[in-house]
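What follows draws every value from the coordinates through simple rules; no lab data is involved. These numbers come from a predicted model, not from an experiment. Every residue, glycine among them, receives a Cβ derived from its backbone with ideal geometry; neighbour counts consider all protein chains shown.
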Amino acid sequence: MTSWDSLRDGGFALVSTRSLCGLVAIVSSVLLPACRSGGHHSVVQSDVDFRLDEVSDSSRKIGGEDVKLRFTLTNRSRANHFRVNARGLLGGERSPDVVRDVWLRVVHQSTGEHLDFDCRIKGGAAGSDEYLTLPPGGNLSFVRDLRCFRLAPAGKYLITAQIDVPVPPDMIPLGARPVPVPLSSNRVDIEIAAAP
């Protein structure tokens with residue numbers, strides 16, 4: 001039997017164990033914190049729920065500035081504390097990691113066109129004060145509009161959000177785990193009216 005502690009950073013080993021992580025597995029040392037016994041609990045994608053809801057003020061929406069979405073991360077685990085980036089910097093699928101924390105896929109239903117994020121954002125790495133630890137049952141919620149997406153022509157737009165930028169290890173306090181990435185939201189459908 002191979003001991004967990006004998007594995008080196010970045011290495012792989014064939015491990016036989018009676019722990020919750022399996023009888024025989026090839027394990028990367030990156031995954032070890034989620035697999036160790038002794039009070040830690042394994043992390044599964046469903047431990048953190050990522051929800052997207054429309055909260056627009058108006059029922060008639062003509063452009064992205066009229067569309068408001070609430071982004072909510074909820075820790076559904078019973079024991080894990082998750083470290084998340086709470087800044088909520090919004091970008092598009094192709095936006096660089098340093099200028100987005102969450103990206104949106106916005107697709108016109110009829111044409112299949114993927115809309116690009118069309119704003120210049122001054123970003124950079126999130127500071128230590130921009131991270132939050134979600135206790136079991138805790139949540140983080142923020143609202144953003146879609147003014148940086150040119151929602152034209154009129155019609156239905158299918159919108160999903162994704163978090164895929166990992167929390168840096170030096171931003172994770174003892175006893176917490178990084179939010180698992182990638183993390184995808186539900187889909188929201190938005191109807192955009194023709195301009196008068």
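Look at the stretch 97-112 and say how many of its residues are outside any strand (DSSP E or B) and in contact with a strand residue (DSSP E or B) (Cβ under 7 Å, 6 or more places away or on another chain).
Qualifying residue count, the stretch 97-112: 5.
Could you identify the single residue in ALA176, ALA161, ALA194 that is of a type in the set (Gly, Ala, Ser) and farther than 26 Å from GLY124 by Cβ?
Going through ALA176, ALA161, ALA194 in turn, just one is of a type in the set (Gly, Ala, Ser) and farther than 26 Å from GLY124 by Cβ: ALA194.
Kindly list the number of the only condition in (1) touching a helix residue (DSSP H, G or I) at 6+ places or on another chain (Cβ under 6 Å); (2) under 29 Å from ALA194 (Cα atoms); (3) of a type in the set (Ser, Thr, Tyr) that fails for SER95.
Among (1) touching a helix residue (DSSP H, G or I) at 6+ places or on another chain (Cβ under 6 Å); (2) under 29 Å from ALA194 (Cα atoms); (3) of a type in the set (Ser, Thr, Tyr), SER95 violates only (1).
Only one residue in ARG78, ARG94 is free of Cβ contacts under 8 Å to residues at least 24 places away in the same chain and either farther than 16 Å from ASP118 by Cα or in a loop (DSSP other than H, G, I, E, B) (or both), so which one is that?
ARG94
Please go through (1) farther than 18 Å from VAL48 by Cβ; (2) without any contact (Cβ under 8 Å) to a residue 24 or more places away in the chain for VAL181 and return the number of the only condition it doesn't satisfy.
So VAL181 meets the others, but not (1).
Which of the following residues is among the aliphatic types (A, V, I, L, M) and touching a strand residue (DSSP E or B) at 6+ places or on another chain (Cβ under 9 Å): ALA161, ALA195?
It is ALA161.
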